[in-house]
Amino acid sequence: MSDETGEVKAPAAGPYVHYCEHPGCKKWGSFGFAVGRATPNWFCYEHRPEWKKRNA
Ligand SMILES: [Zn+2]
């Protein structure tokens, strides 16, 4: 028997729901950053990494 009442990260509203990956941050991750084919990392506005702007 196992009571799995531990902390479970479960998407609540679908694939478009992301939270900031900054440790301890529970804010909404509105900004997704992906390098190449890597899995996108999501951060809130405050913790978003410095995004290298493309020189269009
Ligand atoms: Zn954050």
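The values are calculated or read from the model by the stated rules, or taken from the named source; none is laboratory data. Just so it is clear, the model here is predicted, and its values are computed rather than measured. Heads up, the Cβs are rebuilt from the backbone with ideal geometry, glycines too, and the neighbour counts pull from every protein chain shown.
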For region 1-33, what are the residues that are at pLDDT 80 or above and part of a loop (DSSP other than H, G, I, E, B)?
-> His18, Cys20, Glu21, His22, Pro23, Gly24, Cys25, Lys26, Lys27, Gly29, Ser30
Restricting region 41-56 to residues that are within 15 Å of the ligand (Cβ to nearest atom) and assigned to a loop (DSSP other than H, G, I, E, B), the one modelled with the lowest pLDDT turns out to be Trp51
